[in-house]
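Enquirer: I'd like to ask some things about the structure below.
The values are calculated or read from the model by the stated rules, or taken from the named source; none is laboratory data. Note that the structure is a prediction, hence the values are computed from the model and not measured. Cβ atoms come from the backbone with ideal geometry, glycine included; neighbour counts cover every protein chain shown. Each accessible area value is taken on the protein alone, full model and side chains, heavy atoms only, with ligands, DNA and RNA left out. Shrake-Rupley method; radii C 1.70, N 1.55, O 1.52, S 1.80 Å.
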Amino acid sequence: LVDMHVETCERIIATIQQLKRLRSYAFNRAWYHVGEYYLALFQKLKREQRMLDFNDLEWMTYRLLRDADNAHWVQYKVDQRISHILIDEFQDTNPTQWQLLLPLLEEIAASPEATDRSVFLVGDEKQSIYSFRRANPELQSRASAWLAEHLGAIAAPLDNSRRSSPAIMDCVNHVFEQDEVSRHMSGFAHHGTYLDQLPGEVEICELFSLPEPDTTE
């Protein structure tokens, strides 16, 4: 009887979990269809009003440089106007933006005799905050490798802060040198600071949750 009771309880629990999965699937499926309809309506309204948003500009520029029949001509004309490329906050670059940059970089790499041209990227993977815009901090290491291979670029790591106290840097090192974090950011180097006498403090607030709303009224 005990074994039968245990087996029955396990089956009930498994059934409840499966029902939860089915409800979650149905809910997300409905949201997907609603979102698809909303996006189609949003695009229709923009076309009617002859308006473009930030994502449209990215995508249409990508198509102009990569897929259009005159893409090579456009790349050539743009290349003639650019001598130096400087991109700050590169850790917030998304794949579409990288594909926009790549044709320009390829044009520079195709003209090694033009020694007066330069490319300079600045970024810190730890500071990537635009994932909602598909920012991919891993692109920074890929871009660095591409520049090193095709343009002979040299990495210039800046691992010593000029504005933070040792307390801040110790906290940063403690967080990013953990095994769980380093698996996702293997290129992290131990950080230091030039302001070794600057006082500082790091305080970690306890987690809290909002009280459940009162539904008895």
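Enquirer: Hey, residue 68 hits all of (1) surrounded by 10 or more Cβ atoms within 10 Å (Cβ to Cβ); (2) out of contact with any Pro (no Cβ under 8 Å at 6 or more places or on another chain); (3) part of a helix (DSSP H, G or I) but one; which does it fall short on?
Expert: The failed condition is (3).
Enquirer: Oh, and also: Looking at 183, 162, which one is free of Cβ contacts under 8 Å to residues at least 12 places away in the same chain, open to solvent by 100 Å² or more (accessible area, probe 1.4 Å) and among the basic types (Lys, Arg)? Can you show your working first?
Expert: Details: 162 fails: free of Cβ contacts under 8 Å to residues at least 12 places away in the same chain.
Just one listed residue meets the conditions, 183.
Enquirer: Still on this structure, I have one more. Taking only the stretch 75-110 into account, find how many residues are of a type in the set (Ser, Thr, Tyr), touching a Lys or Arg at 6+ places or on another chain (Cβ under 9 Å), under 20 Å from residue 151 (Cβ atoms) and open to solvent by less than 30 Å² (accessible area, probe 1.4 Å).
Expert: Here the count works out to 0.
Enquirer: Identify all residues within the stretch 35-57 that are over 24 Å from residue 97 (Cβ atoms) and open to solvent by less than 80 Å² (accessible area, probe 1.4 Å); write none if there are none.
Expert: 40, 41, 45
Enquirer: Which of (1) among the aliphatic types (A, V, I, L, M); (2) surrounded by 13 or more Cβ atoms within 10 Å (Cβ to Cβ); (3) not in a helix (DSSP H, G or I) is the odd one out, the single condition residue 143 does not satisfy?
Expert: Result: residue 143 fails condition (3) only.
Enquirer: With the requirement that a residue be under 27 Å from the mean Cα position of the chain (by Cα), within 17 Å of residue 158 (Cβ to Cβ) and open to solvent by 60 Å² or more (accessible area, probe 1.4 Å), what does the stretch 187-207 give you?
Expert: Hits for the stretch 187-207 are 187, 190.
Enquirer: Which residues, taken from the stretch 165-195, are farther than 19 Å from residue 137 by Cα and not in a loop (DSSP other than H, G, I, E, B)?
Expert: 166, 167, 168, 169, 170, 171, 174, 192, 193
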